[in-house]
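Q: Below is a structure I'd like to ask you about.
The values are calculated or read from the model by the stated rules, or taken from the named source; none is laboratory data. Bear in mind that the values here come from a model prediction, so they are computed numbers and not experimental data. Cβ sites come from the backbone with ideal geometry, for glycine too, and all protein chains shown count toward neighbours.
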């Protein structure tokens, strides 16, 4: 399994309020932005993923500390299960492809995402 990108996750109650200063300080544009069916709004600036919504919707996601973009979600799940990780959510379809969230032994919780081809095109192409 290959990890292509790692995103730090930050949580906010209002996406636009966070994006304005974040894009200014990072000197980078918003590269991805979408809304999940449950009302969560997500956007990326550089290697930061902003997850926004009201506290009721955010609560189940706050324990997740990072998002990893990987090449094979099925292989990732098999590897995670071999290590004793607990699959918290997924695998499931998301606007950028498929994801799952796992709690690793020791307690850290990470989201793993396999981007679809459309997302790779929006991101400038899949690495070689």
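Q: Which residues, taken from the stretch 81-101, are closer than 21 Å to residue 44 by Cα and buried (at least 16 other Cβ atoms within 10 Å of the Cβ)?
A: Listed by number, the residues that qualify are 94, 96, 97, 98, 99, 100, 101.
Q: While we're here: Taking interchain pairs and intrachain pairs at least six residues apart, which have beta carbon atoms under 7 angstrom, with the first residue in the stretch 83-96 and farther than 25 Å from residue 39 by Cβ and the second at pLDDT 95 or above and surrounded by 14 or more Cβ atoms within 10 Å (Cβ to Cβ)?
A: Once the first residue is farther than 25 Å from residue 39 by Cβ and sits in the stretch 83-96, its partners that are at pLDDT 95 or above and surrounded by 14 or more Cβ atoms within 10 Å (Cβ to Cβ) give 85/102; 85/103; 86/102; 86/103.
Q: Checking the condition in contact with a helix residue (DSSP H, G or I) (Cβ under 9 Å, 6 or more places away or on another chain) and closer than 16 Å to residue 31 by Cα, which residue from 91, 95, 105 passes?
A: Numbers: 91 fails: closer than 16 Å to residue 31 by Cα; 105 fails: closer than 16 Å to residue 31 by Cα.
So the residue among 91, 95, 105 that is in contact with a helix residue (DSSP H, G or I) (Cβ under 9 Å, 6 or more places away or on another chain) and closer than 16 Å to residue 31 by Cα is 95.
Q: Which of (1) within 16 Å of the chain's Cα centre (by Cα); (2) over 24 Å from residue 2 (Cβ atoms) does residue 92 not meet, given it meets every other one?
A: (2)
Q: Can you find a residue in the stretch 66-87 that is in contact with a helix residue (DSSP H, G or I) (Cβ under 9 Å, 6 or more places away or on another chain), farther than 26 Å from residue 19 by Cα, in a strand (DSSP E or B) and modelled with pLDDT of 95 or more?
A: Yes; the residues of the stretch 66-87 include at least one that is in contact with a helix residue (DSSP H, G or I) (Cβ under 9 Å, 6 or more places away or on another chain), farther than 26 Å from residue 19 by Cα, in a strand (DSSP E or B) and modelled with pLDDT of 95 or more.
Q: While we're on this one: All but one of (1) assigned to a helix (DSSP H, G or I); (2) surrounded by 14 or more Cβ atoms within 10 Å (Cβ to Cβ) hold for residue 113; which doesn't?
A: (1)
Q: Find the residue count for the stretch 1-25, including only residues that are over 20 Å from residue 114 (Cβ atoms) and surrounded by 14 or more Cβ atoms within 10 Å (Cβ to Cβ). Don't jump to the end; show me each part of the working.
A: Restricting attention to the stretch 1-25, the residues satisfying the condition of being over 20 Å from residue 114 (Cβ atoms) are 10-25.
If we keep only those that are surrounded by 14 or more Cβ atoms within 10 Å (Cβ to Cβ) as well, we get 11-12, 15, 18-19, 22-23.
Within the stretch 1-25, residues that are over 20 Å from residue 114 (Cβ atoms) and surrounded by 14 or more Cβ atoms within 10 Å (Cβ to Cβ) number 7.
Q: Here is a list: 16, 74. Which entry is within 20 Å of residue 127 (Cα to Cα) and without any contact (Cβ under 8 Å) to a residue 24 or more places away in the chain? Before the answer, list the steps.
A: Working: 16 fails: within 20 Å of residue 127 (Cα to Cα).
Criteria check complete, one pass: 74.
Q: Name the residues in the stretch 88-105 that are at positive phi and at pLDDT below 95, would you? Show your work before the answer.
A: Keep residues of the stretch 88-105 that are at positive phi, which gives 90, 97.
Selection gives 90 alone.
Q: Further, regarding this structure: Can you pull out every residue in the stretch 34-46 that is exposed (fewer than 15 other Cβ atoms within 10 Å of the Cβ) and within 21 Å of residue 114 (Cβ to Cβ)?
A: Of all residues in the stretch 34-46, those exposed (fewer than 15 other Cβ atoms within 10 Å of the Cβ) come to 34-39.
Hits for the stretch 34-46 are 34, 35, 36, 37, 38.
Q: Return yes or no: is residue 124 at pLDDT below 95, out of contact with any strand residue (DSSP E or B) (no Cβ under 7 Å at 6 or more places or on another chain), within 18 Å of residue 11 (Cβ to Cβ) and exposed (fewer than 14 other Cβ atoms within 10 Å of the Cβ)? Don't jump to the end; show me each part of the working.
A: Details: at pLDDT below 95: yes; out of contact with any strand residue (DSSP E or B) (no Cβ under 7 Å at 6 or more places or on another chain): yes; within 18 Å of residue 11 (Cβ to Cβ): no; exposed (fewer than 14 other Cβ atoms within 10 Å of the Cβ): yes.
No: the conditions fail for residue 124.
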